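The values are calculated or read from the model by the stated rules, or taken from the named source; none is laboratory data. Small disclaimer: the values here were computed from a predicted structure and weren't measured. FYI the Cβ positions are ideal-geometry reconstructions off the backbone, even for glycines, and counts take in every protein chain you see.
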Amino acid sequence: MSDDHAVMAEVEGLRIVRDARTILSIDHLEIRAYERWALLGPNGSGKSTLLAVLSGRLWPTSGRITLLGERVGTVDLRVLRARLGLMSATLTRQLRAGLSVHDAVVTGVDGALEAWWRTYAPDEHHRADALLVQLGVGGLAAKPLGVISEGERARVLLARVLIADPALLCLDEPASGLDLGAREELLVRLGELFNAEHPAPALLVTHHLEELPSGLTHALLLRGGAPVASGPIEQVLRNEEVSTTFGISVEVARHSDGRFSGRAR
C-alpha cells in the first residue's frame, strides 16, 4: 500500500454514550492520507464529538479506534496528540491575551501555553514567522493576541497548529463567529493548504456549506449522532442528502472554484 493510501484514522463500531443516551454511533469510517474531509450537520449531530475522538481528545464508550496506525487503548494518547493538530475554540480560551502572536505560534511546536517553558531553536522561530507570512498575518508577530481581530486570531491559531507539521489536521469550526471578510480570508488560506501539491489529510467540522474551503475531497453528513451519507464530496453534498441532514429542503450549489453553498427551497 502506498503512502497516499495509508489509513490515517479508522473507526469500527464507535459508540459514545452520555446519561444512558447514545449521542454518536458510527459503524465504520476510514480516513486515508490523500483525503480532506468535511464533517457537517446541525447542532447536536455529533460532529465535534467525532472530531474529539479522531484527534485523540475523547475516549469512546465502545468501539475500535485506530489513529495514525496505532490502536487507541494500546498507545499513550499524549504521544499521538502531538501528531494530531487540533484547532478549536477551546484552544483560543487557553492562550493568554498578553501572549505575543509569534510566541503563540512557536509554542505550537510542543503544545505549550507559554514560551518560557523551554528554549526554541532558531529554525523554529523562523518557521513561526514564515507561517505567519504565509497566512497573511506576518506583520502581527509582536502584537499581543488580545488586541488583534477575530479573523487575524483564527489565522494565527492555524499557524500554531501547522508549525508542528501534524500528520492529521483537525479543524473544529475554524470560521465560526467570523464576519464575511474574515471568513473568506481564512477559507482562501485553507484552500491554498488543501490544494497544495502534497496536502496533509484533514478533518473540518462546520454547520454551513459556505464555510467549506476548496480542496476538500470527502464529506460525512451527521444527524442525531448517526451518519446520513459518507464518501466523495460530490456524491454526498447533494440536495437530497443535505436536506435530510438538516431537516429542511435545501438546494445545494457547487461553484467553479470548488466551494459550496446552500439555500432553502
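Could you identify the single residue in Ala33, Ala20 that is small (Gly, Ala, Ser), surrounded by fewer than 17 Cβ atoms within 10 Å (Cβ to Cβ) and modelled with pLDDT under 95? It is Ala20.
Every listed requirement among (1) out of contact with any strand residue (DSSP E or B) (no Cβ under 8 Å at 6 or more places or on another chain); (2) modelled with pLDDT of 95 or more is met by Gly258 save one, (2).
None of Leu67, Leu39, Leu80 is out of contact with any helix residue (DSSP H, G or I) (no Cβ under 9 Å at 6 or more places or on another chain) and closer than 27 Å to Leu157 by Cβ except Leu80. Only one entry in His198, His207 is out of contact with any strand residue (DSSP E or B) (no Cβ under 9 Å at 6 or more places or on another chain), at pLDDT below 95 and of a type outside the set (Lys, Arg), namely His198. Number of residues in the stretch 188-218 that are more than 20 Å from Ser88 (Cβ to Cβ) and aliphatic (A, V, I, L, M) equals 3.
Checking each residue in the stretch 60-117 for being closer than 21 Å to Gly138 by Cβ, surrounded by 15 or more Cβ atoms within 10 Å (Cβ to Cβ), of a type in the set (A, V, I, L, M) and more than 21 Å from the chain's Cα centre (by Cα) picks out Leu99, Ala115. Scanning the stretch 192-212 for residues that are in contact with a helix residue (DSSP H, G or I) (Cβ under 9 Å, 6 or more places away or on another chain), within 21 Å of Thr49 (Cβ to Cβ) and not aliphatic (A, V, I, L, M) yields Thr206, His207, Glu211.
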